[in-house]
1. Please go through the range 40-79 and give me each residue that is of a type outside the set (Val, Ile, Thr) and touching a residue at least 60 places away in the same chain (Cβ under 8 Å), ordered by number.
2. Could you check how many residues of the range 118-145 are farther than 14 Å from ARG38 by Cα, open to solvent by less than 90 Å² (accessible area, probe 1.4 Å) and not acidic (Asp, Glu)?
3. Can you tell me which residue in the range 46-86 is surrounded by the most Cβ atoms within 10 Å (Cβ to Cβ), limited to those that are in a helix (DSSP H, G or I) and of a type in the set (S, T, N, Q)?
4. Going by the conditions given, is SER89 assigned to a helix (DSSP H, G or I), among the small types (Gly, Ala, Ser) and open to solvent by 20 Å² or more (accessible area, probe 1.4 Å)?
Amino acid sequence: MNANTQSIPSELSFLHRFTAIREVLGRFPLSIIQLGMRFGVGLVFFNAGVLKYQSFELAVKLFEDEYKVPLLAPAVAARMAMFNELTFSTLLFLGLGTRFATLPLLGMIMVIQLFVYPNAWPDHLLWGSILIFLLTRGPGALSIDHLIKRRFDKSA
């Protein structure tokens with residue numbers, strides 16, 4: 001009987017601490033998480049675009065020999081990929097047109113998954129999930145989109 005009465009307070013203490021920690025974590029600003037998401041997935045695409053820009057001939061060769069994207073000439077596909085990766089990742093960094101910027105990147109992920117690297121689904125699932133979160137929830141308060149929205153809300 002004595003062991004049961006001692007375990008009840010320690011169980012309640014554990015639950016109380018667990019609840020307190022969960023509440024503290026729940027107050028962490030979502031805008032910081034959204035900023036991290038924008039930069040994390042943006043860097044993946046930006047770095048790929050920089051590599052294509054620095055060695056465009058090699059990029060075209062990769063599109064010819066390895067990627068083999070259907071319907072597009074390798075040089076056209078390489079140029080489109082480079083443009084998308086550099087442009088839309090930069091928009092993600094700035095938080096400018098964020099919801100729009102996610103769409104071409106999601107399209108690239110789908111093409112890569114279907115036609116180029118079908119076994120890379122764990123990476124694509126991660127990047128796609130982040131982009132879908134940004135598409136549906138927006139870039140957060142630490143973005144140019146937020147500043148623009150605040151400006152329009154004040155003038156309305």
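The values are calculated or read from the model by the stated rules, or taken from the named source; none is laboratory data. All of these numbers come straight from a predicted model, not from anything done at the bench. Cβ coordinates were reconstructed from backbone atoms using ideal geometry, including for glycine residues, and neighbour counts include every protein chain displayed. These accessible areas exclude ligands, DNA and RNA; they are computed on the full protein's heavy atoms, side chains included. Shrake-Rupley method; radii C 1.70, N 1.55, O 1.52, S 1.80 Å.
1. Taking the range 40-79 as the starting set, the residues that turn out to be of a type outside the set (Val, Ile, Thr) are 40, 42-43, 45-49, 51-59, 61-68, 70-75, 77-79.
Listed by number, the residues that qualify are GLY40, PHE45.
2. Residues of the range 118-145 farther than 14 Å from ARG38 by Cα: 118-125.
Filter again for open to solvent by less than 90 Å² (accessible area, probe 1.4 Å), leaving 118, 120, 122-124.
Next cut, not acidic (Asp, Glu) only: 118, 120, 122, 124.
Going through the range 118-145 one residue at a time, the tally reaches 4.
3. Pass one, the range 46-86, residues in a helix (DSSP H, G or I): 46-54, 56-67, 74-86.
Adding the requirement that they be of a type in the set (S, T, N, Q) leaves 47, 54, 84.
On the way: ASN47: 12, GLN54: 9, ASN84: 18.
In this case the residue turns out to be ASN84.
4. Working: assigned to a helix (DSSP H, G or I): yes; among the small types (Gly, Ala, Ser): yes; open to solvent by 20 Å² or more (accessible area, probe 1.4 Å): no.
Criteria not met by SER89.
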